[in-house]
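A short write-up of the structure that comes next.
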Amino acid sequence: MPLNALLLTDGILSHSHQSRGLLRTISSCVALSIQDFSVQMHSNWMRGFLRKALTMSSDESLSWAAHCFNWPACEYRKPDLIVSAGSETMLVNAVLAKRYQCDNVFIGGQNGVRAEWFNAVLTLDAPILANAISLILPPSRLTPDVVNDGYATYQAAGGSHKGGCWAMIVGGDGGGCHYTDAEWRILIDGMNQLAKTHKIKWLVVTTRLTSSSVQERLRQDLKPSYVESISAYGLGPDDPLPLLAARAERIYCGVEHLPILFDSIASGKPTLALLPELDRLNQRVHHLLKLLCQERFLSVLKIEELPFGRTARLALPLPEMLLRKNTQLFSQMCRLCPSLADVSQRY
C-alpha cells in the first residue's frame, strides 16, 4: 500500500520544484501516491489576518488560519504525509496535518515557525527548532538520473550532440547583485576566450533578470561559431534546465539565481557560481556558498576570473555524493516522521 502524500503548492516554481524533489527522494525509498493541492486564500486581505494569527498561541494561530484557505476536502483522500515549501503554504500545511493527524514536512526558513506544527522542518539555516534538519543543498527536481533520462529522450527524438558544450545561465541586477557595463564586457570576452581555448560551444540561457540590452550584446558580441544556442528561461511551457544540464559538460550560473544554481549542482554536473564585483548578498548566502565549496559541490568565481579562474576539484564521484546526501536526508526524516519510518521498514 503506497504512502498517500499531499503536495501543497503556492504558484512559485522554485518552491514546487523543492517539494517535488523531496517527494522524489522519498519515492526512491518507499512507494508514494501523490496528490497536488494549490493553496489559495479566500481573499488577499486575509494576509493581514494571517500576520495577526502568527502573534497568537500555537493552537489559536492554526484556528484562525483554518478560516483563510479554500480546502475542498471531498476531492482529496486522507493524507499520510503533507509536504510544502515557502511561507504561503506554512500555515495551511500545519492546519491540515492537525486536522488529519498525519505527518508533515515544511521546507523553508524557521522565522515564525513553531516546532509543534511540523514533524520536520528542512532549512538552509543553522537549526533553531528541535525538529529542524539543516541542509546545504535543498531538495531538487534534478538528479543525475533525471538528467541522464532527459538526454536519452533528447537523443531518441533525433537530437544531436556534436562536440562539447558548456552552459552559461546569465543573470542580471537583482538578488543582491549588480553588474557594471564593464563586467558584461568581461563576461562576453571571457566566454569567447574559453570557447576558443577549450574548443566548446556555449548553451546560453537568459533569465528574467537579464535586460534587453544585455541580451542584445550577447547576440552581437559572442562569436557565432562559439554559440550553440541562446534561449530564455521561464518564457515557454517547457523547463529548459534538465536538457541544459544533460548536454552541458559544466554549468556557469549567476549567484543571484540561487534556486537555479542549486538545481544545477543537484544535476551532478560541475557547477560554477559567478559573482559580480558589487554584491550585497547577505551573510547567510555567503556562508552557504562557502559550505558548498568546502564540501566540493561548487566553485565560485568573480566575473573578472572567468577566463582563467581555477575551479575547485569537485567531490568525486559527484552523483554518488549526491545520492549519499539524499539517503542521509531520508534517514533523518524517518527519525522524525513515524509514517515514513513505518513504511520504510516494509521495504
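Go through the range 68-82 and give me each residue that's among the hydrophobic types (A, V, I, L, M, F, W, C), surrounded by 12 or more Cβ atoms within 10 Å (Cβ to Cβ) and modelled with pLDDT of 85 or more. Those that are among the hydrophobic types (A, V, I, L, M, F, W, C), surrounded by 12 or more Cβ atoms within 10 Å (Cβ to Cβ) and modelled with pLDDT of 85 or more: TRP71, LEU81, ILE82.
Every residue, every condition in (1) under 21 Å from SER19 (Cα atoms); (2) surrounded by fewer than 20 Cβ atoms within 10 Å (Cβ to Cβ); (3) modelled with pLDDT under 95; (4) under 18 Å from the mean Cα position of the chain (by Cα), yes or no:
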position: ALA132; (1), (2), (3), (4): yes, no, no, no
position: ILE136; (1), (2), (3), (4): yes, yes, yes, yes
position: LEU142; (1), (2), (3), (4): yes, no, yes, yes
position: ASP149; (1), (2), (3), (4): yes, yes, yes, no
position: THR153; (1), (2), (3), (4): no, yes, yes, no
position: HIS161; (1), (2), (3), (4): no, yes, yes, no
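Inside the range 70-89, residues that are in contact with a strand residue (DSSP E or B) (Cβ under 6 Å, 6 or more places away or on another chain) and not in a loop (DSSP other than H, G, I, E, B) make up a count of 6. As for the range 70-79, it holds no residue that is closer than 12 Å to ALA120 by Cα and assigned by TED's automatic domain parsing to the domain that holds ARG24.
Filter the range 256-287 down to residues that are buried (at least 21 other Cβ atoms within 10 Å of the Cβ) and over 23 Å from LEU187 (Cα atoms), then give me how many there are. Final tally of qualifying residues: 3.
Selection within the range 41-67: residues that are modelled with pLDDT under 80 and polar (S, T, N, Q). The member of this set that is surrounded by the fewest Cβ atoms within 10 Å (Cβ to Cβ) is ASN44.
Residue under question is ALA85, and the condition is that it be surrounded by fewer than 15 Cβ atoms within 10 Å (Cβ to Cβ) and either modelled with pLDDT under 95 or not charged (D, E, K, R) (or both); does it hold? Criteria not met by ALA85. Is at least one residue of the range 149-169 closer than 28 Å to GLY86 by Cβ, of a type outside the set (A, V, I, L, M, F, W, C), assigned by TED's automatic domain parsing to the domain that holds HIS286 and without any contact (Cβ under 8 Å) to a residue 24 or more places away in the chain? Yes. A single member of ARG335, ARG280, ARG296, ARG284 is of a type outside the set (A, V, I, L, M, F, W, C) and at positive phi, and it is ARG296. On inspection, VAL121 passes the criterion of being crowded, with 20+ Cβ neighbours inside 10 Å, within 22 Å of the chain's Cα centre (by Cα) and not in a loop (DSSP other than H, G, I, E, B).
Evaluated against (1) of a type outside the set (S, T, N, Q); (2) farther than 18 Å from LEU22 by Cα; (3) surrounded by fewer than 19 Cβ atoms within 10 Å (Cβ to Cβ), LEU91 falls short on exactly one condition, (3).
The values are calculated or read from the model by the stated rules, or taken from the named source; none is laboratory data. The model shown is predicted, which means the values in this text are computed figures rather than measured ones. We place every Cβ from the backbone using ideal geometry, glycine too, and count neighbours over all the protein chains shown.
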